[in-house]
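Down below is the structure, laid out as structure tokens.
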Amino acid sequence: MMSALIAPAPSVYARESWAEIIKSARMPQFIIPTIALPPAFYALFALAMGQGSAEVATRTLATFGVFAVMGPALFGFGANIAVERENGQLELKRLSPMPAGAQIVAKLAATTVFSMVSFAMLYALGQAGGVALGAGQWAMLVTVHTLAILPFALIGLGIGYRLGQKGAVAVANIVFLAMAVLGGLWMPIAVLPEVMQAFAWALPSYHLGEIALMAVGQREAANLWLHAGPLALITLAAALFAWTGERQQAR
Amino acid sequence: MPPTASSIIAALEGATKAYGAHRVLDGFDFALEAGSVTALLGPNGAGKSTVAGLLTGRLRADSGRVSLFGLEPSDRLARARMGIMLQSGGLPETLTVAEAIDLHAGYFARRLPTAAVLEQAGLTALATRRCDRLSGGEARKVQFALAICGAPDLLVLDEPTTGFDPEARRTMWDVVRAKADTGAAVLLATHHMDEAEALADRIVVIADGRILADGPPAAIKAQVAATAIRLRTRLPADHFRALPGVVKVESVGADLSLLTTAPRASLEAAFAIDPALQHFEVTGASLEDALANLVHANRTTLKEAA
């Protein structure tokens with residue numbers, strides 16, 4: 001009975017993901033700045049201003065990989081969901097037999113693909129700038145950077161479900177900048193006034209940055225739980241933020 | 001003819017829905033039958049979209065029972081048999097028409113081939129056009145295509161032909177009619193009388209959350225034996241509103257059109273106030289007039305009861 005009426009879920013997930021990727025890829029005015037900004041900043045901050053220091057290049061690569069997922073995750077989810085919700089696309093999908101998770105999985109897939117492009121550019125620049133890591137360290141770094149997508153995507157989702165298109169873009173911008181600066185992704189939080197440093201503990205960007213630094217041997221790995229614990233809690237809170245936003249859709 | 005239990009596709013039983021203190025529906029009963037086009041007619045704010053929203057699971061009833069194919073409207077097995085055209089529906093801007101249809105059709109196991117959907121919706125020539133480069137009417141056609149692509153047993157259309165040229169309207173009506181003739185139930189929420197008259201097997205008139213009339217188009221017209229009187233006078237329209245039997249007065253070019261339930265009394269009174277009256281013409285009311293009359297009578301009764 002089920003199969004006679006409802007298309008098999010894996011095929012729907014795959015098609016929805018593919019559609020999401022080509023939808024974004026056909027908006028170069030959105031996707032190119034989102035993907036290219038982190039490598040461009042990296043070339044400027046770490047390579048040009050770091051004056052050839054391999055240590056600066058390595059440290060900055062760790063935190064910029066976290067920075068690179070924020071654009072696709074916050075704007076891809078936040079602004080996109082807000083647009084699709086406002087113009088009724090989301091409602092039509094919600095009333096169709098599409099599995100509830102397909103939309104989210106598709107957006108996660110697209111965010112991952114576009115983040116990967118950004119990572120590849122960053123890693124290539126890093127290697128050119130003297131970053132020398134073992135295979136194990138590369139693997140850990142890629143893992144941390146990829147996992148970073150989840151909390152930011154959930155935050156973007158929560159924003160997109162609550163605000164209109166313009167509001168979502170504005171809030172996503174504020175979150176984007178605050179996460180980058182107060183989370184120490186552009187420069188270590190030690191350069192910030194002490195009052196502002198305290199905020200870092202509430203930000204997923206800070207904990208992800210610290211864990212990425214551990215992956216490349218720039219921090220004591222023994223402190224992993226000091227950051228993984230708060231990160232897990234923040235991710236849980238972000239999931240709740242996204243889920244309650246989704247619940248508001250049914251009237 | 002009341003629907004038989006076996007042919008009922010969707011039903012509301014004692015459904016109540018309020019927005020804040022405003023009760024849009026209060027103990028509303030309604031059922032849709034297979035193989036028939038039901039038009040929901042009524043003025044804006046009458047509750048048409050609320051009825052459609054409850055049946056499709058877009059809205060949740062505060063109380064009462066809603067069933068879709070014998071299931072909850074939120075059940076995916078029920079949704080798999082339903083196609084919806086919302087009043088305002090956005091499209092994925094950067095996908096082509098064919099891609100958008102193919103993606104949506106992919107949710108349904110019984111889907112129609114994309115080429116067939118394009119053809120039925122009159123979109124074959126626009127298949128490779130991006131959705132953000134469509135005119136308003138073309139975008140409505142794509143939304144119609146999304147509604148029919150899953151070969152639904154229930155087709156819900158909310159003001160479907162807004163923005164259509166007459167030919168496109170006819171074409172869509174033909175497709176909708178064909179769907180009903182092959183067994184689908186169609187719910188059409190509209191305020192175009194000609195659309196309801198051309199397409200519907202059954203018209204349900206609602207106003208202020210109550211069913212005022214329910215029957216075939218001819219019966220709705222006959223239910224209110226309204227007559228339209230067209231006349232030419234030098235007096236302002238206001239003088240005619242209070243005449244016996246008159247429920248509505250409208251200016252039509254140089255003439256006035258009176259809608260009345262008591263044509264003889266109205267005419268006599270009209271001559272009494274303007275003996276120079278000329279050029280008059282008495283006709284049976286159109287469906288539109290009948291509807292206006294029904295709604296008017298209902299409001300008056302409510303006021304008297306209050």
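What follows is calculated from the coordinates using simple rules that are stated; it is not laboratory data. Since we're looking at a predicted model, the values are computed, not measured. All Cβ positions, glycine included, derive from the backbone under ideal geometry; neighbour counts span all protein chains shown.
Divided by 2.2 N^0.38 Å, where N counts the residues, the Cα radius of gyration of the protein assembly as shown comes to 1.27.
Evaluated on the stretch A:49-150, the Kirkwood hydrodynamic radius is 15.4 Å, with distances taken between all distinct Cα atoms.
In terms of surrounding Cβ atoms within a 10 Å radius of their Cβ, B:H22, B:H239, A:H227, B:H104 rank from fewest to most as B:H22, B:H239, A:H227, B:H104.
In chain A, helical runs assigned H by DSSP with n ≥ 4 each contribute -39500 (n - 2.57); averaged across all residues and rounded to the nearest 500, the mean residue ellipticity at 222 nm is -24500 deg cm²/dmol.
Taking 37 °C and 0.692 mPa s as the conditions, I'd like the Stokes-Einstein D for the stretch A:119-231 in µm²/s, using the Kirkwood hydrodynamic radius from alpha carbon pairs.
Stokes-Einstein gives a translational diffusion coefficient of 213 µm²/s.
Ranking of B:C131, B:C149 by neighbouring Cβ atoms within 10 Å, starting from the fewest: B:C131, B:C149.
Computed over the Cα atoms of the stretch B:58-109, what is the ratio Rg over Rh, Rh following Kirkwood?
1.06
For chain A, the relative contact order is 26 percent, taking Cα pairs closer than 8 Å that sit 6 or more residues apart in sequence and dividing their mean separation by the residue count. May I ask for the longest run of chain B untouched by trypsin sites (Lys or Arg not before Pro) that are loop-located per DSSP and have at most 16 neighbouring C-beta atoms (other than their own) within 10 Å? For trypsin sites (Lys or Arg not before Pro) (loop position, at most 16 other Cβ atoms within 10 Å), the longest site-free span of chain B is B:130-233.
Across the cross-link table entries B:K141/B:K248; A:K93/B:K17; A:K93/A:K166; A:K107/B:K17; A:K107/A:K166; A:K93/B:K221, which are compared at the Cα atoms, the separations over 31 Å belong to B:K141/B:K248; A:K107/B:K17; A:K93/B:K221. Taking all C-alpha pairs of the stretch B:5-221, those more than 29 Å from each other amount to 23 percent. When all alpha carbon pairs of chain A are counted in 5 Å bins from zero, the resulting P(r) reads 1, 6, 13, 18, 18, 16, 12, 8, 5, 3, 1, 0, 0, 0 %.
Taking N as the residue count of the stretch B:82-132, its C-alpha radius of gyration divided by 2.2 N^0.38 Å amounts to 1.10. Here the mean projected area of the convex hull built on the C-alpha positions of the stretch B:16-83 is 5.0 nm². Listed by Cβ neighbour count within 10 Å, with the fewest neighbours leading, B:L146, A:L37 appear as A:L37, B:L146. So what does the Cα-only Debye profile of the stretch B:104-169 read at q = 0.12, 0.23, 0.27, 0.28 Å⁻¹, as log10 I(q)/I(0), no solvent term? At q = 0.12, 0.23, 0.27, 0.28 Å⁻¹ the computed log10 ratios are -0.29, -1.05, -1.31, -1.36. Summary of the geometry: the stretch A:162-229 and the stretch B:92-115, compared by the centres of their Cα atoms, lie 41 Å apart. Taking one quarter of the surface of the convex hull spanned by the alpha-carbon atoms of the stretch B:145-248 gives a direction-averaged projected area of 9.6 nm².
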